[in-house]
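The values are calculated or read from the model by the stated rules, or taken from the named source; none is laboratory data. For clarity, every value in this text was computed on a predicted model and none was experimentally measured. Cβ placement follows ideal geometry from the backbone for every residue including glycine, while neighbour counts extend to all protein chains displayed. Surface accessibility is based on the protein's heavy atoms, side chains included, excluding ligands, DNA and RNA. Shrake-Rupley method; radii C 1.70, N 1.55, O 1.52, S 1.80 Å.
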Amino acid sequence: QVQLVESGGGLVQAGGSLRLSCAASGGTFSRYIMGWFRQAPGKEREFVAAISWSGGITSYADFVKGRFTISRLNAKNAVYLQMNSLKPEDTAVYYCAADLGSRLSTRTAEYDYWGQGTQVTVSS
């Protein structure tokens, strides 16, 4: 069983930055594809970014390309999401997820473990 704990959320003004962290325990972290998703009130959970086992391959949703960067540090069992140029529409609960599969996926159903989420609020 893998446990995921997100941190780093908060309130920021539009144009600002936040760095989310996700700490993993209970498994072989370097074997998991890791992803970030978000869910705004009244909306479905949506894909934000994903990163391969080694960190060499990444995937982003179009609405964050050029603004967000996903990275991982396997030695620390951690994955990060650097968010720059934040917009009010980025306001959501952000979730970290782990996938035991072998290919990056944007689908929530492909991910096996989820964190509890961290709130990001961007004011205009």
Problem - Filter result for Tyr80 (open to solvent by 40 Å² or more (accessible area, probe 1.4 Å) and either among the β-branched types (Val, Ile, Thr) or within 14 Å of the chain's Cα centre (by Cα) (or both)) - result: no
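Pick from Val64, Val79, Val93, Val2: which is farther than 20 Å from Trp114 by Cα and among the aliphatic types (A, V, I, L, M)? Before the answer, list the steps.
Details: Val79 fails: farther than 20 Å from Trp114 by Cα; Val93 fails: farther than 20 Å from Trp114 by Cα; Val2 fails: farther than 20 Å from Trp114 by Cα.
After ruling out the rest, the residue left standing is Val64.
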Exercise for the section: Take the residues in the range 2-50 that are over 19 Å from Pro88 (Cβ atoms) and among the polar types (S, T, N, Q), then tell me which one is surrounded by the most Cβ atoms within 10 Å (Cβ to Cβ). Expected result: Ser21
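So if I check each of Leu11, Leu20, which one is within 19 Å of Tyr113 (Cβ to Cβ) and either in a strand (DSSP E or B) or of a type in the set (S, T, N, Q) (or both)?
Details: Leu11 fails: within 19 Å of Tyr113 (Cβ to Cβ).
None of the other options fit; the residue is Leu20.
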Fill in the blank from the handout: Within the range 108-124, of all residues that are over 15 Å from Leu18 (Cβ atoms) and in contact (Cβ under 8 Å) with a residue 60 or more places away in the chain, the one surrounded by the fewest Cβ atoms within 10 Å (Cβ to Cβ) is Ser124
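Among Ala109, Ala14, which is the only one that is at negative phi and touching a Pro at 6+ places or on another chain (Cβ under 7 Å)? Walk me through it before giving the result.
Values: Ala109 fails: touching a Pro at 6+ places or on another chain (Cβ under 7 Å).
Criteria check complete, one pass: Ala14.
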Exercise for the section: Within the range 90-107, track down each residue that is open to solvent by 10 Å² or more (accessible area, probe 1.4 Å) and either closer than 15 Å to Gly9 by Cα or under 12 Å from the mean Cα position of the chain (by Cα) (or both). Expected result: Thr91, Val93, Tyr95, Thr106
Fill in the blank from the handout: The number of residues in the range 51-77 that are open to solvent by 30 Å² or more (accessible area, probe 1.4 Å) and either aliphatic (A, V, I, L, M) or in contact with a Leu (Cβ under 6 Å, 6 or more places away or on another chain) (or both) is 4
